[in-house]
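Since every read-out is calculated from the coordinates, none of them should be taken as a lab result. Just so we're clear, the structure is a prediction, and the values are computed from it rather than from any experiment. With ideal geometry, Cβ positions are generated from the backbone for all residues, glycine too; neighbour counts draw on all protein chains shown.
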Amino acid sequence: MNNLRSTITYLVLTIFGLTMIVPFIWMLTTALTTQAEFNKQETLFIPKEEYHVWNHDGQKDRILLVMEKDQDSVIHVLDEKLNIAVEYKQVPSSEIELVRKKPSLHWDNFSKAFKKVPFGLYFYNTLYVSFLSLFGVLITSLLSAYAFARMEFKGRDLFFYLFLSMMMVPQPIYMISSYVLLDKLNWLDTYNALIIPWTANIFTIFLFRQHFKALPQELFDAASIDGCSIFGMLWRIVIPLSKPIIATASIFSLISSWNSFMWPLVMINRPELRVLQVGLSYFNQEASTQTTLLMAASTFSIVPILILFFFAQKQIIASYAKTGLKD
Amino acid sequence: MKTKWKISPYLYLLPALVIVIAFRLIPIVMSFILSFYEWSIQGTGKFIGLANYAAMIKDPVFWQSMGNTFWLVIIQVPASIVFSLLFAVLLNKIKYFKSLFRIVYFMPFVTSLVAVSIVWKLIFAEQTGLMNTFLGYVGISPQGWLSESRGIFLMIFQDLGIKFDLPRFFHGPSQALFGIIIMTVWKGLGYNTIIYLAGLQNISKVYYEAAEIDGAGKSRQFWNITLPLISPTTFYVLIMTTIVSFQTFAQIYLMTDKGGPLNTTKLIVYYIYEKGFDLLEMGYASAIALTLFILILALTIFQRRMEKHVNY
């Protein structure tokens with residue numbers, strides 16, 4: 001009975017688990033297929049390729065078979081780029097061969113997609129924006145959380161509730177007014193628009209405050225007796241004791257900047273300032289018939305985050321799990 | 001004794017405060033003001049009082065996108081809760097491959113919505129898509145998915161050969177929107193599963209041991225112990241998923257042709273985007289945004305109230 005139960009559990013988990021990753025596997029295998037194979041409208045998980053060659057005088061030319069008869073066949077001879085080189089040719093059918101390759105992995109789709117659109121630039125922009133925002137988030141959050149957690153001052157709770165209530169407001173609500181505001185500041189189409197508004201993250205402040213509050217007061221008393229300044233305590237006590245939570249917040253911040261889409265889509269028009277997600281969405285519009293290149297581009301756009309995820313999956317999952325626990 | 005200084009706390013607070021006021025508080029207030037103006041990006045606007053709201057109430061596309069959003073939320077949120085609770089309960093039981101499964105389930109959540117939307121658009125393709133291939137294996141004929149504007153309830157009734165004469169809204173979400181819902185549930189499941197898993201691990205084993213002694217079966221244990229004790233987590237998941245669900249945008253932008261076919265996938269945030277940035281009716285778009293905000297706020301407060309009634 002118990003064995004049956006656990007078999008069913010694993011079975012259900014595996015079936016649904018496959019549903020979760022099949023789209024990724026299919027994305028990758030499509031990215032490795034030639035467009036011609038993809039257009040044949042068969043669903044493939046192992047990229048394969050089938051084509052005819054003309055075997056003559058010890059040399060094999062790739063051809064397009066037009067008509068095959070018992071004796072003679074009509075063919076187009078193709079050049080290296082698979083364009084038609086010779087319009088028609090009649091050759092003996094015995095010289096025609098069908099080549100089947102399975103798997104036939106076209107890694108060159110990745111370099112083709114990468115060259116088609118300046119993805120290198122988009123990667124650079126995304127990294128630049130993500131890391132500068134992260135830098136800002138850490139500074140503003142460490143300082144303000146330190147004040148909220150360890151200092152007493154007039155209006156502290158008021159400010160804190162102000163922050164909390166701002167956290168609850170969804171981004172689309174203030175998207176239009178932010179656009180108008182950034183326009184007045186002349187920041188549209190600049191890095192400023194992508195970075196400065198995101199240099200404070202209320203959730204991170206909240207996270208840090210919880211953590212800083214839990215630090216023992218004795219440490220601060222002792223440091224105070226030793227003549228340590230207020231800032232010195234932040235630098236020498238709080239930060240060294242908060243490395244895990246800082247790492248957590250950094251990962252949140254990097255993942256959300258990397259994946260952010262609507263904001264940069266709206267605020268940036270100049271192609272040279274596009275971030276990866278926006279660049280990919282334009283590529284989606286421009287290259288909608290080049291499915292395999294599109295899948296290649298989608299694949300390399302998620303690889304950095306997936307590497308980060310696989311590398312630190314335990315911490316990342318644990319950190320996200322913590323966001324749901326009430327204090 | 002906490003450290004008492006006069007000016008210094010405000011200096012520590014200042015950087016965060018400036019950003020939060022400048023890029024949250026001011027835009028939120030501005031959005032309220034803009035909604036009373038006829039505003040396009042050139043120059044200044046013209047005060048028109050409540051005219052934007054009056055126009056909104058008469059705008060059939062506004063109501064259609066509200067209806068679409070309603071169907072998305074009302075199907076996606078419960079589906080997400082049921083599946084993620086199921087996965088969490090199963091994951092909580094197993095001994096081997098636990099972290100492998102967690103990675104697999106969490107993967108869609110960390111990957112970008114843009115990339116997965118592009119992939120899912122292809123999955124739903126009529127000829128070459130995976131979805132129709134798999135449906136073919138179980139003997140279901142190819143579906144139109146993202147190009148199908150008929151409501152799913154209507155389609156079911158038509159397949160059964162039953163007459164179905166209700167107004168359009170009751171036809172349910174179009175199959176195109178239903179495809180978006182499937183994809184959105186898939187994308188968010190990992191997070192909710194992890195949250196539930198953390199919640200389940202907080203339930204003391206003692207309850208189950210006691211139930212075991214009393215002879216309660218596994219399913220009774222689930223209904224009488226797990227479900228009530230996990231309800232705080234359920235409310236958190238409910239509130240968060242609802243808020244996120246209302247904001248669905250990227251899927252529509254990337255997978256559909258401007259909310260088509262026949263506006264059946266036009267969700268409210270996409271409509272705000274379209275009005276604000278395609279048609280440059282920023283005042284009008286702000287009025288819709290503010291209406292959405294009030295709606296989300298009211299729902300959140302309602303759900304919190306419910307929580308107080310239900311919790312143990």
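Identify all aspartates and glutamates with a Cα-Cα distance to A:Lys40 below 17 Å; exclude those on the same chain that are fewer than 8 residues away in sequence. Excluding near neighbours in sequence, the set is A:Glu49, A:Glu50, B:Glu126. Amide H to amide H distances under 5 Å link A:Asp72 with A:Ser93, where only residues 5 or more positions off or on other chains count and H is placed in the peptide plane.
Using only the alpha carbon atoms of chain B, find the Kirkwood hydrodynamic radius as the inverse mean reciprocal pair distance, in angstroms to one decimal.
Numbers: mean 1/r = 0.0439 Å⁻¹.
The answer is 22.8 Å.
By the scheme Lys and Arg +1, Asp and Glu -1, what is the net charge of all other residues having a beta-carbon under 14 Å from that of B:Ser141? Can you show the working numbers first?
Values: positive: none; negative: B:Glu126, B:Glu148, B:Asp159.
Residues near B:Ser141 contribute -3 overall.
Converting phi to 3J(HN,Hα) with the Karplus coefficients 6.51, -1.76 and 1.60 and the offset θ = phi - 60°, region B:228-241 yields x, 6, 8, 4, x, 5, 4, 5, 4, 4, 4, 5, 5, 5 Hz in sequence order, with x at every glycine or proline.
For chain A, averaging the sequence separation of C-alpha pairs within contact (under 8 Å, six or more residues apart) and dividing by the residue count gives a relative contact order of 22 percent. Here the relative contact order of region A:144-212, from alpha carbon pairs under 8 Å that lie six or more residues apart, stands at 64 percent.
Within region B:156-242, report the trypsin sites (Lys or Arg not before Pro) that DSSP leaves as loop and that have at most 13 other Cβ atoms within 10 Å.
Details: sites: B:Lys163, B:Arg168, B:Lys187, B:Lys205, B:Lys218, B:Arg220; in loops: B:Lys163.
Answer by residue number: B:Lys163.
Count Lys and Arg as plus one, Asp and Glu as minus one, and take only other residues whose Cβ is under 10 Å from that of A:Met267; the net charge is then -2. Roughly how far apart, in whole Å, are the Cα centres of region A:284-327 and region B:13-34? So the two Cα centres are separated by 30 Å.
Using Cβ point charges alone (K and R +1, D and E -1), the dipole size of region A:111-322 about the Cα centre works out to roughly 340 debye.
Evaluating 6.51 cos²θ - 1.76 cosθ + 1.60 at θ = phi - 60° for every residue in region A:266-277, the Karplus couplings come out as 7, 7, 10, 10, 5, x, 6, 9, 5, 8, 3, 4 Hz, glycine and proline recorded as x.
Check cross-link reach from A:Lys154 to the lysines: straight Cα distance under 30 Å, and skip same-chain residues fewer than eight apart. Correct list for A:Lys154: A:Lys213, A:Lys243, A:Lys326, B:Lys2, B:Lys4, B:Lys6. For region A:125-136, putting each phi into the Karplus relation 6.51 cos²θ - 1.76 cosθ + 1.60 with θ = phi - 60° gives couplings of 4, 5, 4, 4, 5, 4, 6, 5, 4, 4, 4, x Hz, in residue order, rounded to whole numbers and with x for Gly and Pro.
In this rough spin-label picture, where each label sits 7 Å from Cα along the Cβ direction, the A:Gln210-B:Lys98 distance is 2.2 nm. Sorted fewest first by neighbouring Cβ atoms within 10 angstrom, A:Ile84, A:Ile316 come out as A:Ile84, A:Ile316.
Summarising the amide proton neighbourhood of A:Lys89: residues at separation of 5 or more, or on other chains, whose placed amide H is nearer than 5 Å comprise A:Ile75. Semi-axis lengths, largest first, of the ellipsoid equivalent to region A:28-90 are 26, 13, 11 Å, with √(5λ) applied to each eigenvalue of the Cα gyration tensor. Of interest is the spacing of the C-alpha centroids, which for region B:227-264 and region A:23-44 amounts to 29 Å. Taking every Cα-Cα distance in region A:181-299 and sorting them into 5 Å bins from zero, the calculated P(r) comes out as 2, 9, 14, 13, 12, 11, 10, 10, 7, 5, 3, 2, 1, 0, 0 percent. Pairs from the list B:Lys98/B:Lys205; A:Lys115/B:Lys266; A:Lys60/A:Lys102; A:Lys102/B:Lys187; A:Lys314/B:Lys93 with a Cα-Cα gap above 22 Å: A:Lys115/B:Lys266; A:Lys102/B:Lys187.
Springs join every pair of Cα atoms under 10 Å in this Gaussian network model of chain A, and among A:Asn201, A:Asn269, A:Asn55 the largest mean-square fluctuation is at A:Asn55. Amide H contacts for A:Thr33 (H built 1.01 Å from N in the peptide plane; partners 5 or more residues away or on another chain; cut-off under 5 Å): A:His106. Normalised Debye scattering of the protein assembly as shown at q = 0.11 Å⁻¹ gives log10 I(q)/I(0) of -1.24, counting only Cα atoms as equal scatterers and leaving out solvent.
Sequence neighbours fewer than 8 away in the same chain don't count; with that in mind, list the aspartates and glutamates whose C-alpha is under 17 Å from B:Lys58. Within the straight-line limit of under 17 Å, B:Lys58 reaches these aspartates and glutamates: B:Glu38, B:Glu281.
Which residues make up the longest stretch of chain A clear of GluC sites (Glu not before Pro) that lie in a DSSP loop with no more than 15 other Cβ atoms within 10 Å, not counting the sites?
Values: sites that count: A:Glu42, A:Glu80, A:Glu152.
With GluC sites (Glu not before Pro) excluded where exposed in loops, chain A gives A:153-327 as its longest stretch.
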